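Novice: For reference, the structure I am asking about is given below.
The values are calculated or read from the model by the stated rules, or taken from the named source; none is laboratory data. In this text the structure is predicted, and so the values were computed from the model without any measurement. Cβ coordinates were reconstructed from backbone atoms using ideal geometry, including for glycine residues, and neighbour counts include every protein chain displayed. Side chains are part of the model used for accessible areas, which takes the heavy atoms of the whole protein and leaves out ligands, DNA and RNA. Shrake-Rupley method; radii C 1.70, N 1.55, O 1.52, S 1.80 Å.
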Amino acid sequence: MNLALLFEEDFTSPDRVLLTGRRLTHLQSVVRVNTGDHVPVGCVNGNIGTGEVLRLTDSEAELAVAFDQAPPPALPLTLIMAMPRPKMFRRVLQTCATLGAKDIWLINSYKVEKSFWQTPWLSDDNLRENLTLGLEQARDTVMPEVHIRKLFKPFVEDELPALLSGKRALVAHPGTSTPCPTQLSEPAALCIGPEGGFTPYEVGKLEEAGCEAVHLGPRILRVETAVPVLISRLFDACT
C-alpha cells in the first residue's frame, strides 16, 4: 500500500479520517507508524496528499489530511477483455488499475466457461476492493469503471462500434501477420481473449466492428501476462 485510498465513509470532517481494517493493519505492521508521522493518502476520484497520524490505537487511526497533488494521468485506453479464470481475475484487475486503465469491459467468449461468471469476485464490493489495491500500488486515486457484458454477439454488434470510434482498435490474436504497434500517441481500444484465445468467428466479428488483429510474437502468453505486456507496449504506462 503505497497510498491509503480514502472513501467518503472514512471522513469524519473535511480534513479528518478514521482508518480501520486492512489499512490500519498495514500502517501498524508494515509502515510501523507512530503518532505524528506523515503517510501518503488520496481521496478517491480526487487529489493525492498526506495524512498526519493524530491518534493511533489497536482499532483505528485518526489522520489529519490535506490534498494538493493531482493523480497520475489515465491511459487513453478502452480495455475489452474476455472474462478470465477466477483464480487469476483478481490479479489481472489489480494490474489493470495499477497501469492506469480506467475503462474496462468484461465480455463473454466461446472459451469462457459459464462458471466464471458466478465468481464472487464480480460483486461490487470485491471489484472495488481489488481496484483499490491496484490504485494504492500505483499511488493513483481515479477508480476504473468495469462494465460486464455476458453476451458476445450483441455486445460486438450493438455496442462495440461506438466504443471504437476515434480510437486505434486492436485485437490480440496469435498467428496473425501484423505485429502489435508500440508507443501509441492516440487513444486505443484493445481486445484480449480468454485462455485459448478468441475463436476465428469471434476474431472475424471483432474485425467487422473495426478491430485490427495483431500479435506479440511466437510465444503464447497467459492472460495475466498478456495484459501488462500489451498495455506497456501500447503506452509508456509506467511513467
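Novice: With a sphere of radius 15 Å drawn around the Cβ of Thr132, what net charge do the other residues whose Cβ falls strictly inside it have (Lys, Arg +1; Asp, Glu -1)? Don't skip to the answer; put the middle values down first.
Specialist: Values: positive: Arg22, Arg23, Arg90, Arg91, Lys102, Arg128, Arg139; negative: Glu8, Glu9, Asp10, Asp124, Asp125, Glu129, Glu136, Asp140, Glu145.
Combined, the nearby Lys, Arg, Asp and Glu give -2.
Novice: I need to check one value: relative contact order of the chain, counting alpha carbon pairs closer than 8 Å and at least 6 residues apart, in percent.
Specialist: Relative contact order for the chain comes out at 20 percent.
Novice: Could you give the accessible area per residue of the stretch 108-239, probe 1.4 Å, as a whole number in Å²? Write out the running numbers ahead of the final one.
Specialist: Working: 6850 Å² over 132 residues.
Roughly 52 Å² per residue, with all protein chains present.
Novice: What label, among [x] 8, 37, 40, 15, 1; [y] 7, 26, 36, 25, 6, 0; [z] 7, 30, 30, 18, 11, 3, 0, belongs to P(r) over Cα pairs in 10 Å bins from 0, in percent computed from the structure on display?
Specialist: [z]
Novice: Let me ask another. Could you look at the stretch 48-115 and say what percent of its accessible area is carbon and sulfur, using a 1.4 Å probe and all protein chains? Don't jump to the answer; show the numbers that get you there.
Specialist: Numbers: 1480 of 2960 Å².
Here carbon and sulfur together make up 50 percent of the probe-accessible area.
Novice: Can you give me the relative contact order of the stretch 25-165 as a percent, contacts being Cα pairs under 8 Å and 6 or more apart?
Specialist: Values: 215 pairs, mean separation 31.6, N = 141.
Value for the stretch 25-165: 22 percent.
Novice: Given H placed 1.01 Å from N in the peptide plane, which residues other than close sequence neighbours of Gln69 have an amide H under 5 Å from its amide H?
Specialist: Amide H neighbours of Gln69, under 5 Å, 5+ apart: Ile48.
Novice: Related question: What is the Cα centroid distance between the stretch 176-228 and the stretch 27-50, reported in whole angstrom?
Specialist: Spelled out, the Cα-based centre of one part sits 39 Å from the other.
Novice: So, one more: Relative to the longest principal Cα axis of the chain, at what angle does helix 124-138 sit, 0 to 90 degrees, rounded to 10?
Specialist: Helix 124-138 and the main axis of the chain meet at about 80 degrees.
Novice: What are the radius of gyration and Dmax of the stretch 95-186, computed over its Cα atoms and given in Å?
Specialist: Rg and Dmax of the stretch 95-186, Cα atoms, are 15.3, 41 Å.
Novice: Right, another one. Mind listing which trypsin sites (Lys or Arg not before Pro) in the stretch 158-237 are in a DSSP loop and have 11 or fewer other Cβ atoms within 10 Å? Write down the numbers at each step before the final one.
Specialist: Working: sites: Lys167, Arg168, Lys205, Arg219, Arg222, Arg233; in loops: Lys167, Arg219, Arg222.
Passing both the DSSP loop test and the Cβ count: Arg219.
Novice: Hey, another quick one. Mean separation of Cα pairs under 8 Å and 6+ residues apart, divided by the residue count of the stretch 175-234: what relative contact order is that in percent? Intermediate values should be presented prior to the final figure.
Specialist: Working: 35 pairs, mean separation 37.3, N = 60.
It rounds to 62 percent for the stretch 175-234.
Novice: GluC sites (Glu not before Pro) within the stretch 1-72: which are DSSP loop residues with at most 15 other Cβ atoms inside 10 Å? All intermediate terms of the calculation are to be shown ahead of the outcome.
Specialist: Values: sites: Glu8, Glu9, Glu52, Glu60, Glu62; in loops: Glu60.
Listed in order of number, the matching sites are Glu60.
Novice: Cα axis of helix 223-234 to longest principal axis of the chain: angle in degrees, 0 to 90, nearest 10?
Specialist: Rounded to the nearest ten degrees, it is 90.
Novice: Only four residue types carry charge here, +1 at the Cβ of Lys and Arg and -1 at the Cβ of Asp and Glu. Report the dipole size of the chain about the Cα centre in Debye, rounded to the nearest 20.
Specialist: Working: 23 positive and 29 negative charges, 184 e Å.
Computed about the Cα centre, the dipole is about 880 debye.
Novice: Quick check: net charge around Ala188, other residues with Cβ under 10 Å of its Cβ, Lys/Arg +1 and Asp/Glu -1? Provide the component values of the computation, followed by the final result.
Specialist: Numbers: positive: Lys167, Arg168; negative: Glu186.
With Lys, Arg at +1 and Asp, Glu at -1, the net is +1.
Novice: May I ask for the net charge around Glu202, where only other residues with Cβ less than 11 Å from the Cβ of Glu202 are counted and Lys, Arg are +1 while Asp, Glu are -1? Let's see the in-between values first.
Specialist: Details: positive: Lys111, Lys153, Lys205; negative: Glu207, Glu208.
Here the count lands on +1.
Novice: To continue, here is another question. Can you tell me the orientation of helix 86-99 relative to the chain, as the angle in degrees between its alpha-carbon axis and the longest Cα principal axis, to the nearest 10?
Specialist: 70 degrees
Novice: When the helices in the chain are scored as -39500 (n - 2.57) per DSSP H run of 4 or longer and the sum is shared across all residues, what 222 nm value do you end up with, to the nearest 500 deg cm²/dmol?
Specialist: Numbers: 6 runs with 62 residues, N = 239.
The helix-only estimate for the chain comes to -7500 deg cm²/dmol at 222 nm.
Novice: Here's a follow-up. Provide the per-residue ³J(HN,Hα) series for the stretch 111-120, in order, calculated from phi with Karplus coefficients 6.51, -1.76, 1.60 and θ = phi - 60°, each as a whole number of Hz, with x at glycine and proline positions.
Specialist: 8, 8, 5, 4, 5, 4, 6, 8, 5, x
Novice: Please give the per residue accessible area of the stretch 1-80, computed with a probe of 1.4 Å over protein heavy atoms only, in Å². Walk me through the numbers on the way to the answer.
Specialist: Numbers: 4060 Å² over 80 residues.
Solvent-accessible surface per residue comes out at 51 Å².
Novice: Here's something else I'd like to know. Can you tell me how much longer the chain between Thr12 and Thr176 gets when fully stretched, taken as 0.36 nm per residue apart minus their C-alpha distance, in nm with one decimal? Don't jump to the answer; show the numbers that get you there.
Specialist: Details: separation 164, 0.36 × 164 = 59.04 nm, distance 5.54 nm.
Length difference between fully extended and current span is 53.5 nm.
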